[in-house]
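Colleague: Quick one: the structure is below, questions incoming.
Bear in mind these aren't lab numbers, they're just calculated from the coordinates by the rules spelled out. Treat the numbers as computed from the prediction; the structure is a model and nothing was measured. We place every Cβ from the backbone using ideal geometry, glycine too, and count neighbours over all the protein chains shown.
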Amino acid sequence: MIQFADPQLLWLLNFLPFLTVWYIWQHRRQQPVLKISSTEAFALVKSSPKIWLRHSMFLLRLIAIAALIIAAARPQKVLSKQTIASEGMDIIIAFDVSGSMLTRDYVPNRLEAAKKVTAEFIDKRPNDRIGVVFFAGEAYTGSPITIDHRILKQIILNVNIGAVQDGTAIGMGLGTAVMRLKESRSATKIIILITDGENNAGSVKPLQAAQLAKSLNIRTYCIGILSGGVNETITRHDSAYRAIGGPTANLTLMQIAEITGGKYFRASEQANLGLIYNEIDALEKTKVDVTTYKRYEEHFYAFALVGAIALFLELIFRYTLFRATP
């Protein structure tokens, strides 16, 4: 697509019609007059082409002026465009992958339902750097904070139960997430902790990890997948997992959220899980400044050349073919 670097200069083209009117008026005013009694003597005289060609000098001048104005406006073609958004926020998702996440009160189970809505949440945050920490009896980093959300979603969607010793080390998961954000220079840092159980493993207590998060100004949003009355044993390969969750789990997550300045959500049914992520998305909005860089190909050379040639031809005609003799 062709555009102009200085389009305001194109307004000068509006003067060309006025120049044309002025030229016609001047030509008629200066038309020589010869008074004779009869024009019969001129009947057989053929008119010279020069009479009409002399107007070509004015036409060449108009072409030169128009071409030079367009060249001055700098017509350009956009070759490439790059949009860069200023840094958003840094987010770590601390994701419970303990055996109880296979409970089938969600479809097909808690783990798959949580993976799906987490991936959808990531899609809504294109300008944020996001990472993930998985925890069961231990915690490990699935991905450091990254802007490559496609790879991040693949990691989350492909995670399975059993990669580490079973258990629910909420403190370890939160602590690992905090350490992933410790060196972040982002103005806003948050952790989304999603779990369905009580802390029963790990060397770090949940409230200790929460105090560390508070000291680093990291807000934590806790999502408890705690359906009431669930007491299901899930058998997978050679292991058995029991889904548990109760007042203690609720209290721990509420305390973590309160200490860090975040918020606690209880996902008592599958539909609530997506709504919770939507609310977190609405709570954590940042102003993003977008800068667009474009690479152009200049096209003013051709117009400048046309203008120069037109002026050159006018000068040649004026001092050769239409030269006035004294």
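Colleague: What are the semi-axes of the equivalent ellipsoid for the stretch 97-233, taken as the square roots of 5 times the Cα gyration tensor eigenvalues, largest first, in whole Å?
Modeller: 23, 19, 13
Colleague: Mind ranking 264-272, 153-161 by how tightly packed they are, going by the mean number of other C-beta atoms within 10 angstrom, highest first?
Modeller: Result, highest mean first: 264-272, 153-161.
Colleague: Okay, moving on. List R28, R318 from most exposed to least, where exposure is judged by having the fewest other Cβ atoms within 10 Å.
Modeller: The fewest-first ordering by Cβ neighbours comes to R28, R318.
Colleague: Now, a different point. Non-local amide H neighbours of F4 (under 5 Å, H modeled in plane, Pro and chain starts lacking H): which ones?
Modeller: Result for F4 returns Q76.
Colleague: A further question follows. Once R0 is set to 45 Å, what does the formula 1/(1 + (r/R0)^6) return for the Cβ-Cβ distance between E297 and K205, expressed as a FRET efficiency to the nearest 0.05?
Modeller: For E297 and K205, the calculated efficiency is 0.10.
Colleague: What are the ³J(HN,Hα) couplings of the stretch 202-214, residue after residue, when phi is run through the Karplus curve with 6.51, -1.76, 1.60 and θ = phi - 60°? Round to Hz, x for glycine and proline.
Modeller: Whole-Hz 3J(HN,Hα) from phi for the stretch 202-214: x, 8, 10, 7, x, 6, 5, 5, 5, 5, 5, 4, 4.
Colleague: Could you give the length gained on full extension between L12 and R29, defined as 0.36 nm per residue of separation minus the Cα-Cα distance, in nm?
Modeller: Difference between extended and current length: 3.5 nm.
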